[in-house]
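*Asks:* Attaching a single structure in structure tokens format; questions to follow.
The values are calculated or read from the model by the stated rules, or taken from the named source; none is laboratory data. On a predicted model such as this, the values are computed, not experimentally measured, just so you know. Neighbour counts run over all protein chains shown; Cβ positions are idealised from the backbone, glycine included. Each accessible area value is taken on the protein alone, full model and side chains, heavy atoms only, with ligands, DNA and RNA left out. Shrake-Rupley method; radii C 1.70, N 1.55, O 1.52, S 1.80 Å.
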Amino acid sequence: MYKKSFNLKPNPLPTMPTYHILTFGCQMNVNDSIWLGQALEAHNFSQAPLAEADVICINTCSVREKPEQKVINTIYRIKQLTLANPKTLVGVLGCVAQQLGEKLFHYTNQVRLVAGPDALAMLPKTIEQLLENPSQRLSLLDFTSTYLEREPGKATKIGPTAYVNIMQGCDNFCTYCIVPYTRGRQKSRPKDAILKECREKIALGARELTLLGQNVNAYGQDKAGDGTRFAQLLHAIADLPGLERIRYTSPHPKDMGVEDVAAFAKIPKLCPCLHLPLQSGSTRILKRMGRGYTREEYSKLVDDLKTTLPAISLTTDIIVGFPGEDDQDLLDTLTMMEYCAYHASFSFCYSDRPGCRAVNFLDKIDRAVQHSRLEEVQHTQDILTTKWLKARVGQTTTILLEEKSPRQPEGSVSWQGRDPYGTIVHLNLPANEDYRGKMLEVTITDFGKHCLHAQQKSSLW
Ligand code: 5AD
Ligand code: SF4
């Protein structure tokens, strides 16, 4: 821990300090930022526009290319926007903070806090301390061996969907991935703490919960875990009254056990969709990635899921241009995409991440080749997505309404929500009512590039 203090007499805190949080990256970061905002509000802070805030936190992600540059650009952009208020306290949080550490202090005097993902629980008090000591800088970069519980945030009504962390970190060390180095080793959160947070979020209005972790199927199996297995946790959460839907992300194909697959048949609240990262369809590349499964084992898992719940649909992550990937490997990925009929996927060109084993692989793929392979993957996905959306027209489904659609038709009001597969569905509803958090049955009437349109079929509940 880095501590530098010039000023022994603390300044009093402003009576109602203000904050602004910028978030990059995954759902875990989004959830961490939501909590930090609520926790700061419990400490009497209020939200303000970027240029006016006393404290600006940048919650960073380092999983893919050039994240450091993005963060540094953001630090300079903040400096420009806050010329009238050079005392603004800037905190760099999350994975880039863990990776670059105290180097971040050198960019501007405003950066006085650098904190890795394991320090999140300590931030509200640390931020107060830094406001009271304007010449102090702090870095919180130690990894913890257990999941640190966070203090409750200000309990305001929340939206109909909410995230709940069930673990932190990852033990897999896939050869391309920086996560084990920035989020540390896997630390499961005790089951009782998770259930408590789920109950609280349901009481505040959540009807759908998404459980978050880097490798959720390995939940409970690390030193910090209480021995509860992931499927047991799912069953316990499903029993909570008031909850309509459960989702989770991300599972690891090598750790999806028989019980995890069976849960799709046994738990009606578990949505019939699964984000199952493939990364590559080639066994040779999967081996170099250190993924711990073959093409055949992945397809067997998909077969088992589809036998267990024929209505299940999958989404995935794909990396193209991994060192040593040839045309046949790419073809293996494309044929796997078709076999699994993913209704959506996130695809990326491989990039070196510091400290990861793949950095030392010599057979790197040319940038232009990576890009043309990415285009092929995305073209294949577009065809699969359209096919999936088109096949859904005429079907009946259930929607959880979230907000008004960005584009409004004349004469009525369009709302959007998500179906059990997570696809956005738009439908017109009578004006002047707040439908947020309501559910209803609809008939799908049409499809767009990534969304569906529908008509109301049942009354709302
Ligand atoms: N290069 C490209 N994509 C990566 N991902 C993780 N590390 C890298 C990397 N070095 C992708 C994987 C992962 C997603 C979150 O980001 O597909 O599932
Ligand atoms: Fe990264 Fe692999 Fe862990 Fe996922 S499972 S976070 S890709 S190391």
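*Asks:* Does GLY281 meet the test of being in contact with a Phe, Trp or Tyr (Cβ under 6 Å, 6 or more places away or on another chain), assigned by TED's automatic domain parsing to the domain that holds THR386, within 16 Å of ligand 1 (Cβ to nearest atom) and within 22 Å of VAL63 (Cα to Cα)?
*Replies:* So GLY281 does not fit the description; no.
*Asks:* I'd like to know if region 299-306 contains one or more residues that are away from ligand 2 (no atom under 16 Å from the Cβ) and either among the aliphatic types (A, V, I, L, M) or closer than 17 Å to ARG373 by Cα (or both). Walk me through it before giving the result.
*Replies:* First pass over region 299-306, keeping only residues away from ligand 2 (no atom under 16 Å from the Cβ): 299-300, 302-306.
Of the ones still in play, those that are also either among the aliphatic types (A, V, I, L, M) or closer than 17 Å to ARG373 by Cα (or both) are 302, 305.
Yes.
*Asks:* Quick one: in region 418-461, of everything that is among the polar types (S, T, N, Q) and closer than 16 Å to PRO406 by Cα, which residue is most open to solvent (accessible area, probe 1.4 Å)?
*Replies:* Checking each candidate, the answer is ASN428.
*Asks:* Given the criterion touching a Leu at 6+ places or on another chain (Cβ under 7 Å), open to solvent by less than 10 Å² (accessible area, probe 1.4 Å) and assigned by TED's automatic domain parsing to the domain that holds LEU131, identify the matching residue among VAL111, VAL90, VAL71.
*Replies:* Only one candidate passes the filter, namely VAL111.
*Asks:* Condition first: outside any loop (DSSP other than H, G, I, E, B) and farther than 21 Å from LEU274 by Cα. Now tell me which residues in region 403-432 satisfy that.
*Replies:* Scanning region 403-432 gives GLU403, LYS404, VAL413, SER414, TRP415, GLN416, HIS426, LEU427, ASN428, LEU429.
*Asks:* Identify all residues within region 396-417 that are in contact (Cβ under 8 Å) with a residue 12 or more places away in the chain and open to solvent by 80 Å² or more (accessible area, probe 1.4 Å); write none if there are none.
*Replies:* Those that are in contact (Cβ under 8 Å) with a residue 12 or more places away in the chain and open to solvent by 80 Å² or more (accessible area, probe 1.4 Å): GLU403, LYS404.
*Asks:* Follow-up question, since we're still on this one. Being open to solvent by 10 Å² or more (accessible area, probe 1.4 Å) and either among the hydroxyl-bearing types (Ser, Thr, Tyr) or under 19 Å from ILE127 (Cβ atoms) (or both) is true for just one of GLU52, GLU65. Which residue is that?
*Replies:* GLU52 is the lone residue from the list that is open to solvent by 10 Å² or more (accessible area, probe 1.4 Å) and either among the hydroxyl-bearing types (Ser, Thr, Tyr) or under 19 Å from ILE127 (Cβ atoms) (or both).
*Asks:* Filter the helices (runs of 4 or more DSSP H) completely within region 126-245 down to those with at least 2 residues that are away from ligand 1 (no atom under 16 Å from the Cβ) and open to solvent by 10 Å² or more (accessible area, probe 1.4 Å).
*Replies:* Values: elements: 179-182, 191-203, 230-238.
Counting at least 2 such residues, we get 191-203, 230-238.
*Asks:* What number of residues in region 322-331 are under 22 Å from HIS343 (Cα atoms) and either surrounded by fewer than 20 Cβ atoms within 10 Å (Cβ to Cβ) or within 16 Å of ligand 2 (Cβ to nearest atom) (or both)?
*Replies:* Quick first cut of region 322-331, residues under 22 Å from HIS343 (Cα atoms) only: 329-331.
Filter once more, so that each one left must be either surrounded by fewer than 20 Cβ atoms within 10 Å (Cβ to Cβ) or within 16 Å of ligand 2 (Cβ to nearest atom) (or both): 331.
Count: 1.
*Asks:* Now a separate question. Would you be able to say whether some residue in region 283-299 is assigned to a strand (DSSP E or B), touching a residue at least 24 places away in the same chain (Cβ under 8 Å) and surrounded by 22 or more Cβ atoms within 10 Å (Cβ to Cβ)?
*Replies:* Looking for residues that are assigned to a strand (DSSP E or B), touching a residue at least 24 places away in the same chain (Cβ under 8 Å) and surrounded by 22 or more Cβ atoms within 10 Å (Cβ to Cβ), one finds none in region 283-299, hence no.
Conditions tested, residue by residue: (1) more than 12 Å from ligand 1 (Cβ to nearest atom); (2) closer than 19 Å to ARG288 by Cα.
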residue	(1), (2)
ASP332	yes, yes
THR335	yes, no
PHE346	no, no
CYS356	no, yes
ARG367	yes, no
GLU375	yes, no
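*Asks:* Might you let me know whether region 255-276 holds any residue that is open to solvent by 10 Å² or more (accessible area, probe 1.4 Å), in a helix (DSSP H, G or I) and within 16 Å of ligand 1 (Cβ to nearest atom)?
*Replies:* The answer is yes, given that some residue of region 255-276 is open to solvent by 10 Å² or more (accessible area, probe 1.4 Å), in a helix (DSSP H, G or I) and within 16 Å of ligand 1 (Cβ to nearest atom).
*Asks:* A further question follows. Give region 300-321 a look and list any residue that's open to solvent by 50 Å² or more (accessible area, probe 1.4 Å) and part of a loop (DSSP other than H, G, I, E, B), or say none.
*Replies:* Correct list: PRO310, ALA311.
*Asks:* From the list LEU22, LEU83, which one is assigned to a strand (DSSP E or B) and either in contact (Cβ under 8 Å) with a residue 40 or more places away in the chain or over 30 Å from ILE166 (Cα atoms) (or both)?
*Replies:* So the residue among LEU22, LEU83 that is assigned to a strand (DSSP E or B) and either in contact (Cβ under 8 Å) with a residue 40 or more places away in the chain or over 30 Å from ILE166 (Cα atoms) (or both) is LEU22.
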